[in-house]
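Worksheet: the structure to be examined is printed underneath.
The values are calculated or read from the model by the stated rules, or taken from the named source; none is laboratory data. Every value quoted in this text rests on a predicted model; they were computed, and no experiment measured them. Don't worry about glycine lacking a Cβ; one is built from the backbone with ideal geometry, like all the others, and counts go over all protein chains shown. We work out accessible area using only protein heavy atoms, side chains counted, and drop any ligands, DNA or RNA first. Shrake-Rupley method; radii C 1.70, N 1.55, O 1.52, S 1.80 Å.
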Amino acid sequence: MDVFTESHLRANIISWIPVKKTDRVCYIGKDTDVIAGRLREMSENVTCTKGQEETHLKFDYVISVGQLRPEEISRCFDWLSEDGILVLAAENAYGIKYFAGAKEIGSGAYFGSVEGRRESQGVTKEELLASFSAAGFAWQRFYYPFPDYHFAMSVYSDDCLPKQGELIDQTGNFDAERLVLFDEAKAMDALVARGKFPEFSSSYLVCAGKSHSNLLVNEKNETILYVKFSNDRGRGHNIRTYLTKSEDGKRHLLKAADSKEAVSQIENLKKTYGTLCRLYEDTRFSINAYLERKDGLEFEFLSGHTMEEELDLLLAEGKLQKAKETIFEVLNEIRSCKTVKEFQMTEEFQEVFGRAELPDGLTAADASDIDLIMSNILTQEDGSWTVIDYEWSFHFPVPLNYILYRNIRYYADTTEERRKLDPGNLCQRAGITEPELAVYEKMEEAFQNYVLAGHTPLRQLYQEAGKPAYHVTSILHVADGIMRRNALQIYFDRGRGFSEEDTAVYRSKAMDGTYRLEIPIKNDVKGLRIDPGSQACTVEIRRLDFGNGRTPDFICNGHKMGDAMYLFDTEDPNILLTQIPAKDRTLLLDLRIDSMSLAAAEWIAPKIDAKYRLKKILKK
């Protein structure tokens, strides 16, 4: 499978758009691609076009994913019905991934859009706004797909921008090799902190309408502010999460199945809610309530901040001990659930976690929310704690220590700053033994396989089919190594022989082993030795003289291959000049060094010598 074009995740960019079955949709793209297929599931009336044809049809939606340039937007205006909406995905010319070293799609070049190359597909927000206005659109709304529109796993808007720590899953590059000039996750965090994320989002998704009477809203007339896709797993577990806003300004948190097979995943949340309420009724935890809707479940939208954010703030303030105390407050509350008794392994447990060889004496409740991690616990102004996501709950016993292990692992062992908490020590203090940890790691692997249900996630596909990513530090290390090995070193003999203390080192600025040098020789220098690098190589001597055009006599530990080419089958190649003129003491050098393996040089050298011995015999 060509992951870059055929993955079902390619359709995420448009699958959340509230297209109805009866809507007339024009898709500018191939009628055989993944996006076209998804649109046909959403609407019974989909027309695919290359975008250059003329049409007299009128559409409720015209959708373009990376195909339209700003100057072509006006044509789409004419294709829309009076209440029609244009949905346009485009590369941001100044997207963070391009500064970080990804190749620009249109030009196929590094920094193609940043440099403004003609063939670049990158555009700016201002260019898009000007084009929409010139075309006559009544309104526009910008969304920001992350990591980009090719594999959108989240879609943000100006009314719901990312928080620090959210933008860590950078999708691997499947279309072309790339450079990695800096840590994009850290750069994203810095952009979020400075309020610059919209300017440097790698992609834009813009929705624009001809009429104010038909905005981009769902069936309840709510504006969609944010979408998160959890669909890189088995189809039976694929869901998506929406944040919407109704006309009265109230926000709504929705969870919906991303496929028919995942409806049961959403339905299970109803049973889980009641179970967890009973389980934690005597603790600080409350469970986020829900309302049933036609398109899924609506959960109460609560203000506050997650326990993850609270702990991060403590770490940022240097309050390491306070952070540890807070962690154990949470862990102790998790332990305080009802119906706790000695753990007994069930068949249902084995289906999810495998036949784990757990020690005796572990405790467990009748049901378990194994994803009771810091990011799923909301702290409100009154100090109460609310469990806001309980999708991964099971109605059979799971060891409480495993739930504590996951809580620690998915917070304290995720970033360099958080690891200062020492996750191993936290587990030990929580009463989790070393043998338990080994079993829990296997349980976690089994659980992840259960979630995937045979599906190969994008992160694994990248390992198998992704293009190389060259980190700048590695490139510089390699370049430095090459330059060091190819460095030209001149030794000066001032009557006491050659020594490392009396040398001059030159590096090829062109990095291709070419040297063009003028080296002044002081009067007290009696002899010169030229070392062309520190590995086996060939050396082409284009010029070697003292300004008079005559090559002086020299001896070397190499093998002559031609009039000006020498092969050195040693890691200490050298050329010794036996005579230095009394005047005109400037050495002019023009040579090229090409490195090679020592084994190859040793194999070639005898054949060269044999060839020249034969030539000498024939001349006689």
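Quick notes on this one:
- Low-density loop cleavage sites - GluC sites (Glu not before Pro) in region 463-571, where at most 11 other Cβ are within 10 Å (DSSP): Glu500, Glu501
- Of the whole protein surface, His471 contributes about 70 Å² of accessible area at a 1.4 Å probe radius.
- Label-zone membership for region 315-335, site Ala356, 7 angstrom Cα→C-beta point, backbone N under 11 Å: none
- Sorting Val478, Val34 on solvent-accessible area from highest to lowest, probe radius 1.4 Å, gives Val478, Val34.
- Eligible aspartates and glutamates near Lys341 by straight Cα distance, threshold 19 Å, same-chain separation 8 or greater: Glu281, Asp282, Glu333, Glu357, Asp360, Asp366, Asp369, Glu436
- Cross-link pairs exceeding 30 Å between alpha carbons, from the set Lys50/Lys103; Lys30/Lys270; Lys30/Lys125; Lys245/Lys319; Lys271/Lys324: Lys30/Lys270; Lys245/Lys319; Lys271/Lys324.
- Partner lysines for Lys560 [C-alpha distance under 23 Å; skip if fewer than 8 residues away on the same chain]: Lys607, Lys611, Lys615, Lys616, Lys619, Lys620
- Gyration tensor verdict on region 315-471 (Cα atoms; rounded if a/c is under 1.5, prolate if a/b is larger than b/c, oblate otherwise): oblate
- Computed extension length for Lys20-Arg75: 17.4 nm, one decimal, from 0.36 nm per residue of separation with the Cα-Cα distance subtracted.
- Percent accessible area from carbon and sulfur atoms, region 139-217, protein chains only, probe 1.4 Å: 50
- Cα gyration tensor shape of region 3-55, rounded if a/c is under 1.5, else prolate or oblate by comparing a/b with b/c: oblate
- Sites Thr346 and Tyr462 - FRET efficiency at Förster radius 41 Å, r taken between beta-carbons, to 0.05: 0.70
- Of the residues Glu177, Glu126, ranked by 1.4 Å probe accessible area with the largest first, the sequence reads Glu126, Glu177.
- Were the residues from Glu434 through Asp175 laid out at 0.36 nm apart, the gain over their Cα-Cα distance would be 89.0 nm.
- Distance (nanometres) between label positions extended 7 Å along Cα→Cβ at Ile475 and Lys196: 2.1
- Gain in span if fully extended, Thr570 to His56, counting 0.36 nm per residue against the direct Cα distance: 177.4 nm
- Simple label model, 7 Å out from Cα along Cβ direction - Lys526 to Glu325, nm: 7.8
- The solvent-accessible area of Cys337, taken with every protein chain present and a 1.4 Å probe, is close to 10 Å².
- Per residue accessible area in Å² of the chain, where ligands, DNA and RNA are left out and the probe is 1.4 Å: 49
- When Ser595, Ser213 are compared by accessible area at a 1.4 angstrom probe, the order from most to least is Ser213, Ser595.
- Computed packing ranks the peptides 294-305, 194-205 as 194-205, 294-305, most packed first, by mean other Cβ atoms within 10 Å.
- Surface composition of region 30-125: carbon plus sulfur atoms contribute 46% of the solvent-accessible area (1.4 Å probe, protein chains only, all chains present).
- Structure-derived Cα Rg over 2.2 N^0.38 Å - corresponding label in [x] 1.44; [y] 1.32; [z] 1.08: [y]
- Within the full protein context, the accessible area of Leu378 is estimated at about 10 Å² for a probe radius of 1.4 Å.
- Cα gyration tensor shape for region 1-100, rounded if a/c is under 1.5, else prolate or oblate: oblate
- Packing-based ranking, highest mean first, of 142-150, 356-364, 25-33 given that Cβ atoms within 10 Å are counted: 142-150, 25-33, 356-364
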